[in-house]
Amino acid sequence: MGSSTAYHLAKLGCKNVTLFERGHLAWGATGKSSAIVNVGVWNASKPLIQMLLESIEIFHEFNERIGGKCGFTQTGWIGVTGETHENRIRKVSRLANEMGVQSSIISPSAVEQLEPGIFTDDLTGAVYEPRSGYADPVDTTISLATNAERLGARILTGVNVTQIVTHGDRVTGIKTENGIVNAKKVVVAANVWSPKLLHTIGITVPISPTRKQVCIFKPTGNTGYPRVVTDDFVNDLYMKPEGDGILVGEIETPGSPVDPENFLETVDYDTIPKLASKLLHRFPAMSTAVSRGGYAGPYDVSPDGHPILDQILGYDGLYCAVGFSGHGFRFSPVTGRLMAELILDGKTKGVDIREFRLSRFSEGKPIVPLA
């Protein structure tokens, strides 16, 4: 989010843009992202679908539109379901199609044509997006940052921002471990580290830092394993190719609360057999697969699972792009554009982001997905 916002600010002509990165680029949550690029059934909001449509097209044409590598691989995406979620999938797929998403409801037999090794006896249908896939989160971030620098922005790594500096009702800069940096406008896009930073000036954002785990399994055969990015809503599992292996993680099972400054980045002992069991149910041929372990990363979870993109009331010049709840990577190209437009023009083009305002929670108006 930071690299994308810096790039789009510089592209729009802002002459003094600096990105402060605590570690190296893609050091935090980004580097651990599964980097799936799809629309998916949880995105029932029209603005979210608009954002994802634009982002998918950018990933397809990344070198031409931004420059450099993003590692996008078009595998397609399948969301398989049983009776419990079928109605939800059909409603959201209908809305997505009305807005121009290339997706279709397909039968279990059609799923078998796309994934010959998949078990479908407990499925009633699926939604299929042929233009979806996955990208490389590190390549994407570095390309955005490199092009931001080419346009005149500065990218400073290894700089820990410890406080937002204000005077009266406006932002005047930031404080780092090396001193104060003056700035008329500040964008907080620090994932699970955002609440602590905003709290330094008394701003509370309803973000819950959580820890989510993924595992990797290497197939031993040439068939019977996932080749298409797949969400299994029956078993709460997503699957995607990862090098010569298959990366798997849970979709909706909540992560565990975590201290962003001190959390275990390795996988728990019992997670590998749990996810292996779910994977074997859907792809029985993976019974001979070899475990490659796993890792854990942080999610900045908002109360409704949707992002907060806003100018924060109370301090002129303060903005945030937080709360993506584990889905942020796929939004990153367009999120940077929208934040840059909001900062420079006070409004956005093509997507109305008012539903992502911070105040929606205090107003009792969270974003509610289609039932």
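Quick check: anything in the range 16-23 hydroxyl-bearing (Ser, Thr, Tyr), under 26 Å from residue 242 (Cα atoms) and at pLDDT 95 or above?
So far as the range 16-23 goes, no, none of its residues is hydroxyl-bearing (Ser, Thr, Tyr), under 26 Å from residue 242 (Cα atoms) and at pLDDT 95 or above.
Could you pull out the residue among 166, 120 that is among the polar types (S, T, N, Q), outside any helix (DSSP H, G or I) and in contact (Cβ under 8 Å) with a residue 60 or more places away in the chain? I'd like the intermediate steps shown before the answer.
On the way: 120 fails: in contact (Cβ under 8 Å) with a residue 60 or more places away in the chain.
Matching residue, one of 166, 120: 166.
Of the residues 80, 41, 37, 92, which single one is touching a residue at least 40 places away in the same chain (Cβ under 8 Å), more than 23 Å from residue 337 (Cβ to Cβ) and within 17 Å of the chain's Cα centre (by Cα)?
Numbers: 80 fails: within 17 Å of the chain's Cα centre (by Cα); 37 fails: more than 23 Å from residue 337 (Cβ to Cβ); 92 fails: within 17 Å of the chain's Cα centre (by Cα).
Answer to the check: 41.
What do you reckon, is residue 230 of a type in the set (Val, Ile, Thr), modelled with pLDDT under 95 and under 30 Å from residue 273 (Cα atoms)? Steps first, answer last, please.
Details: of a type in the set (Val, Ile, Thr): yes; modelled with pLDDT under 95: no; under 30 Å from residue 273 (Cα atoms): yes.
Considered against the rule, which asks whether it is of a type in the set (Val, Ile, Thr), modelled with pLDDT under 95 and under 30 Å from residue 273 (Cα atoms), residue 230 comes out as no.
Here's a check for you: in the range 344-371, which residue that is over 22 Å from residue 174 (Cα atoms) and among the aliphatic types (A, V, I, L, M) is surrounded by the fewest Cβ atoms within 10 Å (Cβ to Cβ)?
Filtering first and then ranking leaves 371.
Looking at the range 148-159, I want the residues that are of a type in the set (S, T, N, Q) and have a partner that is part of a loop (DSSP other than H, G, I, E, B) with Cβ atoms under 6 Å, at least 6 apart or on another chain. Which pairs are those?
Pairs found: 157/24.
Which one of the conditions (1) assigned to a strand (DSSP E or B); (2) surrounded by 18 or more Cβ atoms within 10 Å (Cβ to Cβ); (3) not hydroxyl-bearing (Ser, Thr, Tyr) does residue 341 fail to meet, given that it meets all the rest?
Here residue 341 clears every test but (1).
For residues in the range 304-326 being touching a helix residue (DSSP H, G or I) at 6+ places or on another chain (Cβ under 9 Å) and closer than 30 Å to residue 277 by Cα, which is surrounded by the fewest Cβ atoms within 10 Å (Cβ to Cβ)?
Applying the filter and picking the extreme gives 304.
Being in contact (Cβ under 8 Å) with a residue 60 or more places away in the chain, within 30 Å of residue 8 (Cβ to Cβ), among the hydroxyl-bearing types (Ser, Thr, Tyr) and assigned by TED's automatic domain parsing to the domain that holds residue 191 narrows it down to one residue among 315, 238; which is it? I'd like the intermediate steps shown before the answer.
On the way: 238 fails: assigned by TED's automatic domain parsing to the domain that holds residue 191.
Within the list 315, 238, the selection yields 315.
Can you give me the ranges of the strands (runs of 3 or more DSSP E) entirely in the range 212-303 with at least 2 residues that are buried (at least 18 other Cβ atoms within 10 Å of the Cβ) and out of contact with any Ser or Thr (no Cβ under 8 Å at 6 or more places or on another chain)?
229-232, 245-249
The values are calculated or read from the model by the stated rules, or taken from the named source; none is laboratory data. Computed from a predicted structure; not experimentally measured. Note that we place each Cβ from the backbone using ideal geometry, even for glycine, and neighbour counts take in every protein chain shown.
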